[in-house]
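J.: Sharing a structure with you now.
The values are calculated or read from the model by the stated rules, or taken from the named source; none is laboratory data. What you see is a predicted model, and the numbers here were worked out from it, not measured in a lab. All Cβ positions, glycine included, derive from the backbone under ideal geometry; neighbour counts span all protein chains shown.
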Amino acid sequence: MDTEPPVKPPLADIDTDEMVGIDVGILKYAHDTDGTAVESLDLLDERNRLEREQRKLSHKEYESSNWEKQRRRVVECHFDIKRKRRDFLHKLSAYYAREYDLVAVEDLTVAEMLESPRNSRNTASAAWSTFTNMFEYKCKREGTHFVEVDPGGTTKECAQCGVETEELLWVRKHSCPGCGFEADRDGNAAWNILLRGLSKLAVGHSEGTPVETALPTGTAAVPAKRVVETGSPCLKEPPKAASRQG
Ligand SMILES: [Zn+2]
């Protein structure tokens with residue numbers, strides 16, 4: 001029988017430091033509201049190997065014993081890629097569930113998002129639904145609130161004032177014509193995801209703590225390798241430990 005999961009902290013008691021919104025993009029795997037941008041997992045070697053083995057298979061006589069041996073190698077390659085990707089996603093989702101009390105992500109099962117150029121490639125290659133399923137499970141295990149939000153227009157809206165701008169103008173940096181708020185585009189999107197999560201959970205976003213003051217000063221690009229090797233994208237202490245010191 002399962003042990004009882006820990007009780008989630010009351011939503012009203014969760015500090016901004018203990019909440020995180022995560023945006024997923026093509027260039028970076030995950031960009032969060034603390035300025036951490038975890039890069040996509042590099043599986044180029046594994047893919048090249050798979051291609052090589054598939055090519056060899058095509059040269060074998062169909063259903064011969066050599067063909068069967070080679071077919072198994074191809075299956076192994078597929079399995080290796082799947083295992084490495086899952087390992088990475090397990091570690092990344094475990095990190096967020098462990099270090100935060102509230103995690104907000106986009107609900108990419110929304111059909112229109114699957115068709116958008118921004119997310120289609122990524123959704124297919126990175127198995128986003130596997131990731132969110134892991135997230136949901138791990139958050140439950142850690143007593144962390146987990147919320148999925150409407151992904152529409154998260155990069156177009158200003159997290160500070162709500163004004164919508166055409167994505168094209170922002171390029172990599174969000175600069176709001178309405179209020180002058182400047183942020184990394186993905187960081188701004190991550191904030192919108194967190195704010196939507198809070199409103200979905202009916203947690204009021206306090207006017208006294210504007211997004212600007214809560215934003216990290218820079219973005220730290222983190223290779224996926226670090227998550228795989230250490231189980232965390234952090235170079236130093238995790239955000240929770242850091243916030244306790246401050
Ligand atoms: Zn604005």
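J.: Which of the residues spanning region 98-144 are among the charged types (D, E, K, R) and modelled with pLDDT of 90 or more?
T.: Within region 98-144, the first condition is being among the charged types (D, E, K, R), and the residues that meet it are 98-99, 101, 106-107, 112, 115, 118, 121, 136, 138, 140-142.
Once the filter is applied, which keeps residues that are among the charged types (D, E, K, R) and modelled with pLDDT of 90 or more, region 98-144 yields Arg98, Glu99, Asp101, Glu136, Lys138, Lys140, Arg141, Glu142.
J.: Exactly one condition in (1) surrounded by 14 or more Cβ atoms within 10 Å (Cβ to Cβ); (2) hydrophobic (A, V, I, L, M, F, W, C); (3) at pLDDT below 85 is not met by Leu195; state its number.
T.: Unmet condition: (3).
J.: So, in region 28-66, how many residues would count as being of a type in the set (Lys, Arg), surrounded by 13 or more Cβ atoms within 10 Å (Cβ to Cβ) and either more than 26 Å from the chain's Cα centre (by Cα) or in a helix (DSSP H, G or I) (or both)? Lay out the reasoning, then the answer.
T.: Restricting attention to region 28-66, the residues satisfying the condition of being of a type in the set (Lys, Arg) are 28, 47, 49, 52, 55-56, 60.
So of that shortlist, the ones also surrounded by 13 or more Cβ atoms within 10 Å (Cβ to Cβ) come out as 28, 49, 52, 56, 60.
This time we only want the ones that are either more than 26 Å from the chain's Cα centre (by Cα) or in a helix (DSSP H, G or I) (or both), so: 49, 52, 56, 60.
Count: 4.
J.: Quick one: would you say Gly180 is among the small types (Gly, Ala, Ser), at pLDDT below 75 and not in a strand (DSSP E or B)?
T.: Details: among the small types (Gly, Ala, Ser): yes; at pLDDT below 75: no; not in a strand (DSSP E or B): yes.
In short, no.
J.: Yes or no: Thr155 in contact with a Phe, Trp or Tyr (Cβ under 9 Å, 6 or more places away or on another chain), at pLDDT 90 or above and surrounded by 15 or more Cβ atoms within 10 Å (Cβ to Cβ)? Steps first, answer last, please.
T.: On the way: in contact with a Phe, Trp or Tyr (Cβ under 9 Å, 6 or more places away or on another chain): yes; at pLDDT 90 or above: no; surrounded by 15 or more Cβ atoms within 10 Å (Cβ to Cβ): yes.
So Thr155 does not fit the description; no.
J.: Hey, any hits in region 4-27 for a residue that's touching a His at 6+ places or on another chain (Cβ under 8 Å), in a helix (DSSP H, G or I) and closer than 23 Å to Val149 by Cβ?
T.: Yes, region 4-27 contains a residue that is touching a His at 6+ places or on another chain (Cβ under 8 Å), in a helix (DSSP H, G or I) and closer than 23 Å to Val149 by Cβ.
J.: Here is a list: Pro210, Pro216. Which entry is touching a helix residue (DSSP H, G or I) at 6+ places or on another chain (Cβ under 8 Å), modelled with pLDDT under 70 and surrounded by 15 or more Cβ atoms within 10 Å (Cβ to Cβ)?
T.: On the way: Pro210 fails: touching a helix residue (DSSP H, G or I) at 6+ places or on another chain (Cβ under 8 Å).
Step by step, each of Pro210, Pro216 is checked, and only Pro216 is touching a helix residue (DSSP H, G or I) at 6+ places or on another chain (Cβ under 8 Å), modelled with pLDDT under 70 and surrounded by 15 or more Cβ atoms within 10 Å (Cβ to Cβ).
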